Protein chains: 2
Amino acid sequence: MQRKIRLLIVEDEEAIRTGLMDVLVYHGYDVEFAADGPEGLDKALSGRFDLILLDVMLPGMDGFEICNRIRAQDRDQPVIMLTAKGTDEDIIQGLSLGADDYVAKPFSVAQLVLRVQAVLRRSRIGAELDATLRLGEDVEVDCRNLQGQRGDVALSFTRREVEMLQYLRLNSDRPVSRDELLAKVWGYARNLDIETRTVDIHIAKLRRKIEPDPAQPRYLVTVRGAGYRLLAE
Amino acid sequence: MQRKIRLLIVEDEEAIRTGLMDVLVYHGYDVEFAADGPEGLDKALSGRFDLILLDVMLPGMDGFEICNRIRAQDRDQPVIMLTAKGTDEDIIQGLSLGADDYVAKPFSVAQLVLRVQAVLRRSRIGAELDATLRLGEDVEVDCRNLQGQRGDVALSFTRREVEMLQYLRLNSDRPVSRDELLAKVWGYARNLDIETRTVDIHIAKLRRKIEPDPAQPRYLVTVRGAGYRLLAE
DNA sequence: CGGGGGATTTACAAAAGATTTACATGCCGG
DNA sequence: CCGGCATGTAAATCTTTTGTAAATCCCCCG
């Protein structure tokens, strides 16, 4: 990581703000914050942030308005909106420029961190982060070169294996079904009656490589009846 | 951007179709199309789209019919209906068949894009809220990951269990009969003379997990002679 | 052609889940 | 109190899903 990724949190509630800040700083981000709408807009427009976390309900100016203005200036600026449960649908519907993601309060912090990572990854700012996938303390995968390490064991991967890992990471907040993997990684049309074990086999191969104990997966877990899920640290 | 949002346009008029496609592709969506009813239904059912734009007047099969069938398979599939006829009747029929929104032709493209964004946003936020089910102070169920907590006890659920909980929550204003559960959760045809205790067993399993005292249910109560009812917060 | 790496299918075992069975318990109108 | 349902649930059984070794297929390249 060459430079720290910079986040702006625009949130008036002290408790949420500091809670988020702590966690995100802990995850290695460079975090600033703003406590009300105008200050948030000001910072968002003047500073250069890789991602902005925007509460919807703010004193001075609401989050939608801010999002709008930010987008008016820079349509590629990544923004995640934090919406309160029960937000009026009309407000949502009236919104003219979309954020990159939405997280409904109350959210779990772990959940939010995953979303932040996913948005950054999608927006390419984390492009070089994408190239390296870390699991726990000692597993590392270099996705470009299809190589990796587990402790001091050298690993090599195939393209499919790496693609699977990347897709699973992009969706590490939920289990991904075999069908979805076939569709998104293999490019198969989703067909309810195809029957193949290919995905399972690839999972097994990956486990043999990245798991300390393949019989007791720590990272590549199966959610029975739903698919597989990659547990990022 | 790795995960583009996928739209399906079902529209027979060449001019409208390509016009829409251009604009939506410009807005960053991954767009496919179908030119008639059967093809549209086929793609809608086989591929996985985040949103389907459905013309009402189509050769082969009308849009309402298609919408109906789509919903029969996936009740959460977002659909926007497009129609030339601006009568209230069409709107009502479209919405009652489960379309998420309705746009009358001729529409401005900007208008349509806004609707598309709004529907996507709603379905996403909706999914987000749906994914977590809270009961009282200390019970929480993560429906996507089939996991939960009761106080500091970790819980794990099966697909069926979670589906039952979700259906009961959706109807938490009344008791739901066993037959209805069998029909809606299991997909059995409603048959008054089948005799099975499956529902009861699943209820018992759920109680063992989510109830502090399974013998004295607080959340998953039985309404004798009527079925079960979930008491949400 | 032939070899080789990777992908896929086959085949079977094991595990988890769903359902049935069987019996216990409890509720309610007479 | 009694009889008849409706419900609760442990245990047995059946079904589906998953793990995985080994065989086979496929495609690229010399």
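Remark: mean inter-chain Cβ contacts per residue of A:109-121 equal 1, using a 10 Å Cβ-Cβ cutoff to other protein chain atoms. Across the range A:72-77, coupling constants 3J(HN,Hα) worked out from phi with the 6.51/-1.76/1.60 Karplus curve, θ = phi - 60°, read 4, 7, 9, 6, 9, 4 Hz, and Gly and Pro carry x.
When you look at the Cβ of every residue in A:13-25, what mean number of other chain Cβ atoms sits within 10 Å? Walk me through the intermediate numbers first.
Working: counts 0, 0, 0, 0, 0, 0, 0, 0, 0, 0, 0, 0, 0.
So the per-residue partner count for this stretch is 0.
For the pairs A:Lys205/B:Lys209; A:Lys184/A:Lys205; A:Lys205/B:Lys205; A:Lys205/B:Lys184, flag any whose C-alpha to C-alpha distance is greater than 29 Å. Going by Cα-Cα distance, A:Lys205/B:Lys209; A:Lys205/B:Lys205; A:Lys205/B:Lys184 fall outside the 29 Å limit.
When the helices of chain A are scored as -39500 (n - 2.57) per DSSP H run of n ≥ 4 and the total is divided over every residue, the value at 222 nm lands at -11000 deg cm²/dmol. Summarising the amide proton neighbourhood of A:Val176: residues at separation of 5 or more, or on other chains, whose placed amide H is nearer than 5 Å comprise A:Tyr228, A:Arg229. The phi-based Karplus calculation (6.51 cos²θ - 1.76 cosθ + 1.60; θ = phi - 60°) puts the 3J(HN,Hα) values of the range B:210-220 at 8, 8, x, 10, x, 6, 10, x, 9, 9, 9 Hz, whole numbers, x for Gly and Pro.
Cβ neighbours within 10 Å, averaged per peptide: list B:11-24, A:143-156 in order, most packed at the top. Please list the in-between numbers first.
Working: B:11-24: 16.1, A:143-156: 13.3.
Final packing ranking: B:11-24, A:143-156.
Distances between placed amide hydrogens fall under 5 Å for A:Thr132 paired with A:Cys143, all partners being 5 or more residues away or on another chain. Database remark: amide H of B:Ile9 closer than 5 angstrom to the amide H of B:Glu32, B:Phe33, B:Ala34, B:Leu53 (H placed geometrically; neighbours at sequence offset of 5 or more, or on other chains; Pro and chain starts carry no H).
Each Cα pair under 8 Å and six or more residues apart adds its sequence gap; the mean of these over the residue count of chain A is a relative contact order of 12 percent.
Phi angles of the range A:144-152 translate, via the Karplus equation with coefficients 6.51, -1.76, 1.60 and θ = phi - 60°, into HN-Hα couplings of 5, 9, 6, 10, x, 9, 10, x, 10 Hz per residue; Gly and Pro are given as x.
Values in this text are rule-based calculations from the coordinates and carry no lab data. As the structure is a computational prediction, the values presented were derived from the model and not from experiment. In this analysis, Cβ positions are derived from the backbone assuming ideal geometry, glycine residues included, and neighbour counts consider all displayed protein chains.
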